[in-house]
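**Q** Here's a structure for you.
Derivation of every value follows stated rules applied to the coordinates shown; laboratory data play no part. The model shown is predicted, which means the values in this text are computed figures rather than measured ones. No Cβ is skipped: glycine too gets one built from the backbone with ideal geometry, and neighbour counts run over all protein chains shown.
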Amino acid sequence: MTPEPRKHTVYLPSLSGGTAFARLSRLYEIVRSLASITELDRLLNQIVASTADMLEAHGAALLLAENESGNLKVEVTSGRNIAHFKNSVLSVDDRSVEGRVAQIGEPCIENLVEYSSYLFGQAGQLTENKARKLVCVPLKVQERVTGVLEVLDKNSGKDFNEEDVKLLEALADTASVAIENVRLYEEEKRQAQLLTHAYEELQNTYKATLQALTGLLDLRDDETHGHSLRVVAYTLRLAQEMGIDDPERLRNMEQGALLHDVGKVGVADSVLRKTAKLDDIEWMEMKGHPELGYRMLKDIDFLKEALTIVRYHHERWNGSGYPKGLKGEQIPLDARIFAVIDAFDAITSDRPYSRARSYEQATEIIIRDSGVLFDPQVVEAFLRVPRDEWQEIREQIASTAKPR
């Protein structure tokens, strides 16, 4: 769940003088612009640039508290001769102006940096770079100090004063909340990406496992090699023609099509590979494979929705199918779609009991059995797909199949 963005009220400072309105207007513009930024780097750079601009200063810097150590890290700088301080780390103590501000949670003005009592941190370093005046304010979220915002040397050379502090505190209030919200947003996005990647990896693992299983089934019968992969591709194309576009449902249909004959692991080779007509006992063994496949897979959670095709792909529109003898729309649509595809691939492929026939012969048989063995609406959708598309799918599967 995406975190609720933190809401806050900006209390605009009361300023005096002729430039007050212009400065407040500028502050309002900055507040509005920060609220629309959702990338952390861009937000931090905008805060620093806007801060220097608002106070008409030579430079500014933004330091954020590190999560583990609590130290301050210089994230962004602008202005003369301080760019190399980016990524510097300061401890939260009285050895620097910034550290002291973070320590006590109060603003600080230093209009004579060279005489500052904080000589061992950033103030002392900035003296070497000719920074003479600075003002720092803490960034806070719910009274917790999360960083420091500082401005260096006005363009006019004048001292920083309480009006500057009020403006900077007002900006810091907005900046703190904006940074927190963007961090929450980016963390949520990162977690979502990790979950998506993990889910995709899991699905790929499942798919590879299922393909390995169906590959073992194909190995039992040279004549049906590639059948499972072909019917998967055919099924997804016909489902698309039927207006099915839900990704989860299509994934379930893909898994069901891939595993539709998994129950044949329980059928003897003498029955599975027999070229002559099966006797009654052999036929009963063969007819048991949909229910056996269902029982094999029914306790695997991620396959539960795929079992429709596994269990019902031999049901027939007129009720003459097995294992349940379902009729018409009692048969789930996914299984009705697959029934047409399974028949089409069987007719156009070499089998122990018959040689492959042409696309035209296959369509004649399917049309003949429309309303008898097959759902008429599914047959109509099948016929809408151009012959060349079916052939192209078959060739693609053949080109990617591993040599036997």
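**Q** Regarding the range 251-362, what's the average projected area of the Cα-atom convex hull, expressed in nm²?
**A** Numbers: hull surface 29.8 nm².
Mean orientational projected area (the range 251-362, Cα hull): 7.5 nm².
**Q** Kirkwood Rh over Cα pairs of the range 259-305 into Stokes-Einstein at 4 °C, 1.567 mPa s: D in µm²/s?
**A** 113 µm²/s
**Q** May I ask you to evaluate 6.51 cos²θ - 1.76 cosθ + 1.60, the Karplus curve with θ = phi - 60°, for each residue of the range 192-200 and list the ³J(HN,Hα) values in order in whole Hz, giving x for glycine and proline?
**A** 5, 5, 5, 5, 4, 5, 5, 5, 5
**Q** Would you kindly state how much longer the chain becomes between A268 and Q377 on full extension, computed as 0.36 nm times their sequence separation minus their alpha carbon distance, in nm to one decimal?
**A** Values: separation 109, 0.36 × 109 = 39.24 nm, distance 3.61 nm.
My answer for the length gained is 35.6 nm.
**Q** Give the peptides 317-324, 42-49 in descending order of average Cβ contacts within 10 Å, highest first. Working shown, then result.
**A** Numbers: 317-324: 16.4, 42-49: 19.4.
Highest mean packing first, the order is 42-49, 317-324.
**Q** Among 176-184, 138-146, 360-368, what's the highest-first ranking by average C-beta atoms within 10 angstrom per residue?
**A** Details: 176-184: 20.6, 138-146: 16.4, 360-368: 14.9.
For the peptides 176-184, 138-146, 360-368, the packing ranking is 176-184, 138-146, 360-368.
**Q** Another question, then. Taking a cut-off of 23 Å, what percent of all Cα-Cα pairs in the range 127-209 are separated by more than that?
**A** On the way: 1734 of 3403 pairs.
Here the tail beyond 23 Å accounts for 51 percent of pairs.
**Q** For the pair S358 and T38, what calculated FRET efficiency results from E = 1/(1 + (r/R0)^6), where r is the Cβ-Cβ distance and R0 = 60 Å, to the nearest 0.05? Display every interim value, and only then the final one.
**A** Working: r = 58 Å, r/R0 = 0.97.
It comes to 0.55.
**Q** Any idea what diffusion coefficient the range 315-370 gets from Stokes-Einstein, in µm²/s, Kirkwood Rh on alpha carbon pairs, 25 °C, 0.890 mPa s? The partial results should precede the final answer.
**A** Numbers: Rh = 12.0 Å.
Rounded to a whole number, D works out at 204 µm²/s.
**Q** What are the extents of the Cα atoms of the range 307-404 along their three principal axes, in Å, largest first?
**A** So the three principal-axis extents are 39, 28, 24 Å.
**Q** Give me the extension gain from L278 to N155: residue separation times 0.36 nm, minus the current Cα-Cα distance, reported in nm with one decimal. All intermediate terms of the calculation are to be shown ahead of the outcome.
**A** Details: separation 123, 0.36 × 123 = 44.28 nm, distance 9.77 nm.
Between L278 and N155, full extension yields an extra 34.5 nm.
**Q** What is the spin-label model distance, in nm, from E66 to E106 if the labels are put 7 Å beyond Cα along the C-beta direction?
**A** My value for the distance between the label points is 2.8 nm.
**Q** Moving on to the next point. Check which residues have an amide H placed less than 5 Å from D369's amide H, if you skip close sequence neighbours.
**A** Amide H neighbours of D369: none.
**Q** At R0 = 56 Å, how high is the FRET efficiency between Q330 and V89 if r is their beta carbon distance? Nearest 0.05 is fine. Before the final figure, lay out the partial values.
**A** Working: r = 71 Å, r/R0 = 1.26.
So the FRET efficiency works out to roughly 0.20.
**Q** Tell me, what HN-Hα J-couplings in whole Hz come from the Karplus equation 6.51 cos²θ - 1.76 cosθ + 1.60 at θ = phi - 60° for each residue of the range 264-280, using x for Gly and Pro?
**A** Each residue's phi maps through the Karplus curve to give 6, 4, x, 9, 5, 4, 4, 8, 5, 9, 5, 8, 8, 5, 6, 7, 4 Hz.
**Q** Return, ordered by residue number, the residues of the range 174-209 whose backbone nitrogen is under 16 Å from a label point located 7 Å along Cα→Cβ of F302.
**A** 195-209
**Q** Further, regarding this structure: Please work out how much length the chain gains when fully extended from N204 to D245, using 0.36 nm per residue of separation minus the C-alpha to C-alpha distance, in nm with one decimal.
**A** Values: separation 41, 0.36 × 41 = 14.76 nm, distance 2.00 nm.
Residue separation times 0.36 nm, minus the Cα-Cα distance, leaves 12.8 nm.
**Q** Please list the three semi-axes, largest first and in whole Å, of the ellipsoid equivalent to the range 349-394, using sqrt of 5 times the eigenvalues of its alpha carbon gyration tensor. Don't skip to the answer; put the middle values down first.
**A** On the way: eigenvalues 71, 51, 12 Å².
Whole-Å semi-axes of the equivalent ellipsoid: 19, 16, 8.
**Q** In nanometres, what is the gap between the two model label sites at E143 and E389, each 7 Å from Cα along Cα-to-Cβ?
**A** So the two model labels end up 6.6 nm from each other.
**Q** Further question on the same structure: Could you work out the relative contact order of the range 324-404, using alpha carbon pairs under 8 angstrom and six or more residues apart, expressed as a whole percent? Don't skip to the answer; put the middle values down first.
**A** Details: 36 pairs, mean separation 20.4, N = 81.
Result for the range 324-404 is 25 percent.
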